[in-house]
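Please read the structure below before turning to the comments.
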Amino acid sequence: MKITTKPSVKAILPDERGRFGKFGGRYVPETLMPALDQLEQEYLKAKNDKSFQEELNYYLKEYVGRPSPLYLAERLTRELGGAKIYLKREDLNHTGAHKINNTIGQILLARRMGKKRIIAETGAGQHGVATATAAAMFGLQCEVYMGEEDMHRQSLNVFRMKLLGTKVIPVKTGSRTLKDATNEALRDWMASVKYTHYILGSVVGPHPYPMMVRDFQCVIGREAKEQILEKEGRLPDYLLACVGGGSNSIGLFHPFLDDTEVKLIGVEAGGVGIGVGEHAATLSYGKVGILHGSLSYVLQDEDGQTLPVHSMSAGLDYPGVGPEHSYLKETGRAQYVSATDQEALEAFQRCARSEGIIPALEAAHALYYAMKFAPTLSKDTLMVICLSGTGDKDAFQVADKLGVKI
Amino acid sequence: MNRIDQKFQELRRRREPAFIPFITAGDPDLETTRGLILELERCGADIIELGIPFSDPIADGPVIQSSYYRALSRGLRVSQVFECVKGLRRETEIPIVAMVSYSLVFKGTPENFIARAQEAGFDGATIPDLPIEESEVVLRSATEKDFRIVCFVAPTTTPERMSRIVQCTQGFLYYISVVGITGVRDALPPDMRENIQMLKGMTDKPIALGFGVSTPEQARAVGQVADGVIVGSAIIRELEKHMDKPVAERIRVVGKFASKLVAGAKGRL
């Protein structure tokens, strides 16, 4: 296995039109344009406002529990006999995933803008739970759109959201998964934009979302950098993370973009095969197109209609990907590979047994690739993997796959 | 001369607003679409807005979305929509405007899409998910082809954006009345009237109003202030109700429904 990445990217992205090279932009109805303009302006103001940053850092520390550890997976490293494996433990955040980094940031922004109602879309339910959590803490009304198919796969998260006082709205259109939930949330926002803030959960959608969500998630990479320098006295050789929409991976990658000696590997959902509807590996098999307001790689047919996708992991089951990833792929700064359902399932179990950590199925995709790749590398190679969330939410589904009744 | 421009000139002379029904191509099949367009023309429609189904429409409500779904679930391709319009051009000169997502326009290339649409017999297109900031290529390409790209103004649009949009739009301006109209009977909310007046102060281009017009009374109220009345969901809903009927019967009842809206729009209630 050979991984080559060309160093060629400056970290100042996107441009003022929300472009990462040719990717990104804003392809939304006119009704939403003033709201996006307002959001962009308010966000840029907040970004440069010391008191906003202090408030954000306060909640990240006291409520989310940051910084999350960068944990040396000793036993896994020993078993694999190659690169030294570090896990960035986003699963230890409050609510059990990286998603809360973004929802806390956006909810603080919504408060600044005086918006009283929060809406969100969710796939695996982690973003929905993280949004519901932040909304509960600040006493804001919250409604989350979720595909019926996903509600079935992630019933535990549906219940958690309800406990948190959020209304979960089942989406019955299309494939009844994340993309359809996103459509519905955008439609809701079109009609409610005056008093509602839409907390998009990934680095997708129209500008400024890919930039803003990335900025909120960059805490992952900033911490990881500081932590590895402290532990090893140098930067890592490889960063690995799973890519659905791509928020945990961009959060890890982005602070290292200028450190060209650090190689970046995104792992997509290979599903059950490479045929249409068998996977959700957008960067691996997709083409350039437009979906949900931005220009990026998309899984589309020749007409531009969105193709069906599949992943066992609801959080990766999405036919698009963030525009910054498309740019990193095109410039060669990052490389994208995929792991299948079966492979993720294997890594899920191995991580549990070797490290006592049950990873989210999403993160298990990155883990699988790391497990395959690490043995081919020398022992002084440093690898950081983003363990984006806990697998507690996946227990029922995995049990089902393994033929165990619980 | 472009058929859209010609139609509005003619209507201006007659001091009549345009009645612009929206239907979805291929809902539930292209035979219905073809028959409906001819029937709507007979019933007094001035321009047809023809939706090209897209798998993930974000600008459309549930009614239009289901109609897209019905069409796509039967495997409808964009090329078949073009073929259908091409066939219709042997029978009618009614202006036909496509409503199409930029996802479909962008695929291939926007230039190529516009060339194909025009060759098929479309006179223009509205692209609801394409704001003016990203419209440069399609506007230029349309100008070269004598094709019209109809831009949108929403109630949320700021006056500064309005003046840029009215400059960009071609053929006519599409005013979206998202809020306020559902449930309103004969009168329009004052801000809509005001906004249309403000837009009229900015441009001589015709202004058509759509989103939420569903009764003859509403059509009349809109027709009194705007240059065009667009009715979409209400017509699709009427069609939906008669899906189980034979094609000819479906077409007849939708035509009857549209006739009342025409009477409303033209102030002949």
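The values are calculated or read from the model by the stated rules, or taken from the named source; none is laboratory data. Owing to the predicted nature of the structure, the values given are computational and were not obtained by experimental measurement. Glycine gets a Cβ as well: all are built from the backbone with ideal geometry, and neighbour counts include every protein chain shown. Just so you know, the surface numbers come from the protein's heavy atoms only, side chains and all, with ligands and any DNA or RNA stripped out. Shrake-Rupley method; radii C 1.70, N 1.55, O 1.52, S 1.80 Å.
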Amide H of B:Thr126 versus every other amide H placed in the peptide plane: which residues, excluding those fewer than 5 positions away on the same chain, fall under 5 Å? B:Ala98, B:Met99, B:Val100, B:Val150
Expressed as a percent, the accessible surface of the range B:3-265 that is carbon or sulfur, using a 1.4 Å probe and the full set of protein chains, is 49 percent
Counting only DSSP beta bridges fully inside the protein assembly as shown, the antiparallel percentage to nearest 5 is 20 percent
Might you work out the accessible area of A:Met137 for me, using a 1.4 Å probe with all protein chains in place, and round it to the nearest 10 Å²? 60 Å²
For the range A:295-308, in residue order, the Karplus 3J(HN,Hα) values (coefficients 6.51, -1.76, 1.60; θ = phi - 60°; whole Hz; Gly and Pro = x) are 8, 6, 6, 9, 8, 10, 8, 5, 7, x, 7, 5, 8, x
How much of the accessible area of chain A, in percent, comes from carbon and sulfur atoms when a 1.4 Å probe is used? 51 percent
Restricting to Cα pairs below 8 Å that are 6+ residues apart, what does the relative contact order work out to for chain B? Please round to a whole percent. 22 percent
For the range A:56-196, take the alpha-carbon Rg, divide it by the Kirkwood Rh, and send me Rg/Rh. 1.06
Calculate the mean, over all residues of peptide B:55-68, of how many other protein chain Cβ atoms lie within 10 angstrom of the residue's Cβ. 6
Starting from the Cα of A:Arg234, step 7 Å along the direction of its Cβ; do the same at B:Ser163; then give the gap between the two resulting points in nm. 6.1 nm
For B:Ile207, other-chain or 5+-apart residues with amide H closer than 5 Å (H placed, Pro excluded) are B:Leu173, B:Asp227, B:Gly228
Span per principal axis, largest first, for the Cα atoms of the range B:3-265 (Å): 46, 41, 34
With unit charges on the beta carbon (Lys/Arg positive, Asp/Glu negative), name the residue among A:Ala136, A:Phe20, A:Pro210 whose Cα is farthest towards the positive pole of the charge dipole of chain A. A:Ala136
Calculated FRET efficiency, B:Thr203 and B:Val137, Cβ-Cβ r, R0 25 Å, to nearest 0.05? 0.65
Sequence of A:Arg353, A:Arg333 when ordered by accessible area, the most exposed leading, probe 1.4 angstrom: A:Arg353, A:Arg333
Heavy-atom accessible area, 1.4 Å probe, ligands and nucleic acids excluded: residues of the range B:136-175 down by at least 40 Å² from chain alone: B:Thr156, B:Arg161
For chain A, the longest stretch holding no GluC sites (Glu not before Pro) located in a DSSP loop with at most 16 other Cβ atoms within 10 Å is which? A:17-260
Computed about the Cα centre, the charge dipole of chain B from +1 Lys/Arg and -1 Asp/Glu charges at the Cβ has a magnitude in debye, to the nearest 20, of 700 debye
With a point put 7 Å past each Cα toward its Cβ, work out how far A:Ser378 is from B:Lys245 in nm, to one decimal. 8.0 nm
Label zone at A:Glu261 (point 7 Å along Cα-to-Cβ), backbone N below 12 Å, the range A:222-249: A:233-238
Amide N of the range B:1-16 lying under 20 Å from the label point, which is placed 7 angstrom from the Cα of B:Arg89 along Cα→Cβ: B:1-8
With a 1.4 Å probe, what is the total accessible area buried between chains A and B, in Å² rounded to the nearest 100? 2900 Å²
Estimated FRET transfer efficiency when R0 is 30 angstrom, pair A:Lys194-A:His152 (beta carbons, to 0.05): 0.35
Value of D in µm² per second that Stokes-Einstein yields for the range B:64-193, Kirkwood Rh from Cα pairs, at 10 °C (1.306 mPa s): 97 µm²/s
Per residue in the range B:92-110, which ones lose no less than 50 Å² of accessible surface when going from chain alone to all protein chains (1.4 Å probe)? B:Ser103, B:Phe106, B:Lys107
Dividing the mean separation of Cα pairs under 8 Å (6+ apart) by the residue count of chain A yields a relative contact order in percent of 22 percent
Work out, step by step, the length gained on full extension between A:Arg112 and A:Met137: first 0.36 nm times the residue separation, then minus their alpha carbon distance; give nm to one decimal. 7.4 nm
Please work out the C-alpha center-to-center distance from the range A:108-165 to the range A:347-361 and express it in whole Å. 27 Å
Starting from 0 in steps of 20 Å, tell me what percent of the Cα-Cα pairs of the protein assembly as shown lands in each bin. 19, 49, 26, 6, 0
For A:Lys287, give me every one of the lysines with a C-alpha distance below 29 angstrom, ignoring sequence neighbours fewer than eight places off in its own chain. A:Lys2, A:Lys6, A:Lys10, A:Lys22, A:Lys99, A:Lys172, A:Lys179, A:Lys263, A:Lys329, A:Lys372, B:Lys107, B:Lys145
Solvent-accessible heavy-atom area per residue, rounded to whole Å², over chain A at 1.4 Å: 35 Å²
For the modelled label position 7 Å from the Cα of B:Arg77 along Cα-to-Cβ, which residues of the range A:302-317 have backbone nitrogen atoms closer than 14 Å? A:302-305
What does the accessible area per residue of chain B come to in Å², with a 1.4 Å probe and no ligands, DNA or RNA counted? 39 Å²
